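K.L.:
Below is a structure I'd like to ask you about.
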Amino acid sequence: MNKSLWFLLFTLSCGSLGAQQILLETGKVLSRFKYENSAGEAPENLRPETNSFFGVGFRTQVSDKLDRFHWLAGISYNQYSASGSDTTYGNYYQWDVNYLGVNIVMDYEFLKKREFIERKRGFAFYARAIASTEFLVLGTQTLNHQVYNLSGVEQFDRPFLFLRGGVGATYCVTKDLALFGQYAGGIGLPIKGPSEGEEKLQIVTHQFGIGVMISLGNCKYCYTNHNY
């Protein structure tokens, strides 16, 4: 793992000391590969696959005046894959890759029910924008029955920059504990070979996640004086 990634992870761990909430999330991710070879040709019958992802992070208000806005930072472990075959030569191929992501997120709570002020329960609904840098942990390409390691392969081993957007809902169980579910969809910016006319790869993702959010210190996320 390179030095810049270790620095990012250290920064996130230090930032969590001042966080208002800690988040834990898991779910399913549907990934679709947009791949072109050096001739600009895409594989036939390339099918998306469903895998899992896991995440941990921290969340805090932007400011007291902007209390509907929160920023988040965290790390995630994402599994992407795709498979296909061609009718001309009868080849079968599959990619399986695992990436460690560093995520910066902004969310906006556009609706929040007041009922939990007395009952300490209620829903909040939010929209979210996500930017992620992801680093290959391990990956393989299968061509027929031959398996190849993707470590060092230009289109997979370089950091991916993903841009995503999503919506979600939070349910407050107590003043310190909330459950949430969300959807996020996005695309990785294209990774190209070192010269013109080389291979190009993009990964399109659809994530469906659930998780828990735990308040820290004096933060009582589910006990608020605001009526939205």
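K.L.:
Go through the range 164-179 and give me each residue that's surrounded by 19 or more Cβ atoms within 10 Å (Cβ to Cβ) and over 15 Å from the mean Cα position of the chain (by Cα).
P.N.:
T170, C172, A178
K.L.:
Kindly provide the set of residues from the range 32-48 that are outside any loop (DSSP other than H, G, I, E, B) and in contact with an Asp or Glu (Cβ under 8 Å, 6 or more places away or on another chain), ordered by number.
P.N.:
The answer is Y35, E36.
K.L.:
Let me ask something else. Quick check on my filter: what residues within the range 141-156 are on the phi < 0 side of the Ramachandran plot and either part of a loop (DSSP other than H, G, I, E, B) or surrounded by fewer than 16 Cβ atoms within 10 Å (Cβ to Cβ) (or both)?
P.N.:
Listed by number, the residues that qualify are T142, L143, H145, Q146, V147, Y148, N149, L150, S151, V153, E154.
K.L.:
Scan the range 34-55 for residues that are among the hydrophobic types (A, V, I, L, M, F, W, C) and modelled with pLDDT of 95 or more and jot them down.
P.N.:
Answer for the range 34-55, where residues must be among the hydrophobic types (A, V, I, L, M, F, W, C) and modelled with pLDDT of 95 or more: F53, F54.
Conditions tested, residue by residue: (1) in contact with a helix residue (DSSP H, G or I) (Cβ under 7 Å, 6 or more places away or on another chain); (2) farther than 17 Å from F156 by Cα.
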| site | (1), (2) |
| --- | --- |
| N51 | no, yes |
| F54 | no, yes |
| F69 | no, yes |
| G74 | yes, yes |
| N91 | no, yes |
| D96 | no, no |
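K.L.:
Something else now. So S83 ticks every box in (1) without any contact (Cβ under 8 Å) to a residue 60 or more places away in the chain; (2) over 22 Å from L201 (Cβ atoms); (3) surrounded by 16 or more Cβ atoms within 10 Å (Cβ to Cβ) but one. Which box is left unticked?
P.N.:
Evaluating S83 over (1) without any contact (Cβ under 8 Å) to a residue 60 or more places away in the chain; (2) over 22 Å from L201 (Cβ atoms); (3) surrounded by 16 or more Cβ atoms within 10 Å (Cβ to Cβ) leaves (2) as the failure.
K.L.:
Go through (1) of a type in the set (F, W, Y); (2) modelled with pLDDT of 75 or more; (3) under 19 Å from T133 (Cα atoms) one by one and return the number of the condition F69 breaks.
P.N.:
Condition (3) is where F69 drops out.
The values are calculated or read from the model by the stated rules, or taken from the named source; none is laboratory data. Keep in mind that what you see is a predicted model, and the values were worked out from it rather than measured. No Cβ is skipped: glycine too gets one built from the backbone with ideal geometry, and neighbour counts run over all protein chains shown.
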